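Below is one structure; the comments refer to it alone.
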Amino acid sequence: MIGEDTSERLDIIPAQFRVIVTRRPKYACRSCESGVVQTPAVSRLIESGMPTEATVASVIVAKFADQLPLYRQAQIYARQGVDLDRSTLAAWVGKAAYELAPVYDALMADLKRSTKL
């Protein structure tokens, strides 16, 4: 070999939605009061909803860091085959804001104690 030429190309892998299935088996238990034993479900940010915390974070970053309104995000998701109403996305953003309020309060308290901004 006397050498080689190399070239680079920039490619993109579009974001993908995936469904994460969690199975929690149930077992019969003769000595239990209810007769059935099952591992408790893991707590979620959106208790009765499907989004993972990463999905909610992605919506928030797109809305506030990338200035992408929720209706446009809903249109993008629809093109990917996931129909989400913007009111659903708004509910996710609201729930995340509620859960992050203590973090915001702690940051503000720290900022107020600081001698420099």
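Taking a ≥ b ≥ c as the square roots of the eigenvalues of the alpha-carbon gyration tensor, the range 50-117 is classed prolate because a/c is 1.5 or more and a/b outweighs b/c.
Taken one residue at a time, the phi angles of the range 6-18 give Karplus couplings (6.51, -1.76, 1.60, θ = phi - 60°) of 10, 9, 10, 10, 8, 10, 10, 10, x, 4, 10, 8, 9 Hz. Gly and Pro are set to x. Applying 0.36 nm per residue to the separation of Glu99 and Gln38 and subtracting their alpha-carbon distance, the gain on full extension is 19.2 nm. Think of it as helices only: each DSSP H run of n ≥ 4 in the chain is worth -39500 (n - 2.57), and spread over all residues that comes to -13000 deg cm²/dmol at 222 nm.
Our coupling estimate for the range 101-117, obtained by passing each phi through the Karplus curve with A = 6.51, B = -1.76, C = 1.60 and θ = phi - 60°, is 4, x, 5, 4, 4, 5, 5, 5, 4, 5, 5, 5, 7, 6, 8, 10, 9 Hz, Gly and Pro reported as x.
Just so you know, all these numbers are worked out from the coordinates, no wet-lab data involved. Being a predicted model, the structure only gives us computed values, none of them experimental.
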